[in-house]
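**Student:** Pasting a structure here, questions to come.
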Amino acid sequence: MLETRILERAVLVGAALKTEDPLVSEASLLELQRLTETAGGAVARTLTQRLDRFQPSSLIGQGKILEVASAVREEGSRTVIFDTELTPAQQKNLEAALGAKIVDRTRLILDIFARRARTKEGELQVELAQLSYMLPRLTGAWRGFSQQVGGIGTRGPGERKLEYERRHIQRRIEHLRSDIARMETDRAVQRRKRLSIPVPAVAVIGYTNAGKSSLLNRLTGPAAKEVYADDKLFATLDPTTRRVRLPKGGWAVFTDTVGFISRLPTALIAAFRSTLEEVSRADCLLHLEDSSAPRLREQRETVLGVLRELSAGDIPRVSALNKADLLPASARRELLQEDPQRHLVSALTGEGVERLLSRLETVLEGRWVLRELTLEHSESRLIGEIHRVAQVVGRSVRGGRLSLRLRVTPENWSRLLSRLDR
C-alpha cells in the first residue's frame, strides 16, 4: 500500500499599500501560492490587507492579526506565509502573536532553492544565501530553521546551526565565500577553454517556469541527453549547456540559466552571481517568456532588471513567447501586434522553433560571420590554425584545392587572411 504524503497546510497573507496596483498585488499572491505548492505545502486559506502604511512592529494591523490567528486555529495550520520580506522584529512579534511558524517570501524562495540545488556549487551558493538571510535574525528565529521543526521554510543548512553563535556563522560565511571563489576560478578556466573553441554561445533567460529547459530539449532533439524539466517554479537551478545545430551548418552552445522571479532575494542574486554572469558572456540572449502568464509585462521587466544588474543589457537579444499552443487566435494576434519582432513558439509541439533558430542564427552572424576560403596545396599547413580559431561548417575538394566554409569572428577572419597574405 502506497504511503500518502501529508502536505503542510499554510495560511497565506498578502499585505500591500493602497498606492500599489491591485492587479500586481493579486498576481504576486497567486505566485506565492505556486511557490508554496512547489515547497511541498497546501494553501489552507488566503487573506489580504491593503494599508496606508506598513506597521513597523508587525507589518499588518492588529485587527488583521486577530483574523489570521483565527484562520490558523480553524484550519489547523502551523505555518503562516507572508508575501513580502519581514524584518527580524516583525517576524518575532508575529510568531508570538500567532503562535505559528512565520515564513516570508524570501525565506520560502530560499527553501525551494535548497530543495532544488543539485551540484556542489549550487548547494554552497544556497547555503551562503541562507546564512546571509539568517544572520540578522538570530534572536528568536533559530528554532524556525531547526530540522526538529520541519516543513516549509526549514530546509536550512543543518541542525548544527542551532548552537552556533554569531561569530561561528560569520566564519562559516567566510569559508563558503572562499570555497565558492575557488569554484569560480575553476569555472573561469573552463570558460577560457570553452571560449578557445570557436562556437557561438546563446544564453536562454527568462522568468521561472517559462519553459527554458523544455525548449532546450526540443532544440537538441531526442538523441541528446535530456535536460530536467518540470512544471514547477525553479525546477532547475544549475546551468546546463548543450550543443544545438544551426540551420546553415555548424553548431552553437545554448546555456539554460536559472529562472528569475519578482523580488528575487538579494542574497540569492549575490550568491548566484558567478553563475548568472555566464549570461553576460554570451554572444546572444534568448529571452523566453510564458505567453499564457497573466502579468507578462511585469515578468518581462523583472528579467530586464536583472540583466541590467549584470551589465548584460546591451547584448543582442531575441524574444520568444513559449506555450503558444495554449493561446487562442485573438491572443496571438494581440501579442504580435504589440511587438512584431517576437516569435511565438511551443516547446511542447515544436511550433515556430525552426523560425526562432533561424532568427538566432541571423543575430549570431553579426558576431560569427559565414566566410568561404580556398586553400592551395602549399597552404594546407594552416588547416590546424583554421580549426583552432574558426568553425568549419562545410568542405569540398576540387582540382587539388580545398574549399572551406567557415563560421568565424571578424577578428579571427582578419588574422587568417593576414597569415595567407591576402
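**Student:** Test of the criteria: in region 1-98, which GluC sites (Glu not before Pro) are in a DSSP loop and have at most 10 other Cβ atoms within 10 angstrom of their Cβ?
**Tutor:** Those satisfying the criteria are GLU3.
**Student:** Just the accessible area for ASP186, please: 1.4 Å probe, Å², rounded to the nearest 10?
**Tutor:** 90 Å²
**Student:** Could you pull the accessible area for SER28 with a 1.4 Å probe, rounded to 10 Å²?
**Tutor:** Answer for SER28: close to 20 Å² accessible.
**Student:** Now for a separate question. Put +1 on the Cβ of every Lys and Arg and -1 on every Asp and Glu Cβ in region 379-422; which of GLN391, LEU420, SER403 then has its Cα farthest towards the positive end of the dipole?
**Tutor:** Highest projection toward the positive end goes to SER403.
**Student:** Sequence-distant or interchain residues sharing an amide H contact under 5 Å with THR48, placed H: which?
**Tutor:** Hits under the 5 Å cutoff: GLY14.
**Student:** Output wanted: per-residue J couplings in Hz (rounded whole) for region 398-415, from phi through Karplus 6.51 cos²θ - 1.76 cosθ + 1.60, θ = phi - 60°, x for Gly and Pro.
**Tutor:** Along region 398-415, the couplings run 9, x, x, 9, 9, 9, 10, 10, 10, 10, 8, 6, x, 5, 6, 5, 5, 5 Hz.
**Student:** Once you have the alpha carbon radius of gyration of region 358-401, what is it after dividing by 2.2 N^0.38 Å, with N set to its residue count? Write out the running numbers ahead of the final one.
**Tutor:** Working: Rg = 13.0 Å, N = 44, 2.2 N^0.38 = 9.3 Å.
Rounded to two decimals, the normalised Rg is 1.40.
**Student:** Tell me, how many Å apart are the Cα centres for region 91-127 and for region 355-421?
**Tutor:** 51 Å
**Student:** What list of ³J(HN,Hα) values in whole Hz, one per residue of region 286-302 in order, does the Karplus curve 6.51 cos²θ - 1.76 cosθ + 1.60 (θ = phi - 60°) give from phi, with Gly and Pro shown as x?
**Tutor:** 9, 8, 9, 10, 8, 5, 8, 5, x, 10, 4, 5, 5, 5, 4, 5, 4
**Student:** Classify region 1-112: rounded, prolate or oblate, from the alpha-carbon gyration tensor (a ≥ b ≥ c, eigenvalue square roots; a/c under 1.5 rounded; otherwise prolate if a/b is larger than b/c)? The partial results should precede the final answer.
**Tutor:** Values: a/c = 1.83, a/b = 1.42, b/c = 1.29.
Since a/c reaches 1.5 and a/b is larger than b/c, the shape of region 1-112 is classed as prolate.
**Student:** While we're on this one: List every residue whose amide H lies under 5 Å from the amide H of TRP251, counting only residues 5 or more places away in sequence or on a different chain, with H placed 1.01 Å from N in the peptide plane.
**Tutor:** Placed amide hydrogens put LEU246 under 5 Å from TRP251.
The values are calculated or read from the model by the stated rules, or taken from the named source; none is laboratory data. Since the model is a prediction, treat every value here as computed from it, not as a measurement. Cβ coordinates were reconstructed from backbone atoms using ideal geometry, including for glycine residues, and neighbour counts include every protein chain displayed. Calculation scope for accessible area: heavy atoms of the full protein, side chains included, ligands and nucleic acids excluded. Shrake-Rupley method; radii C 1.70, N 1.55, O 1.52, S 1.80 Å.
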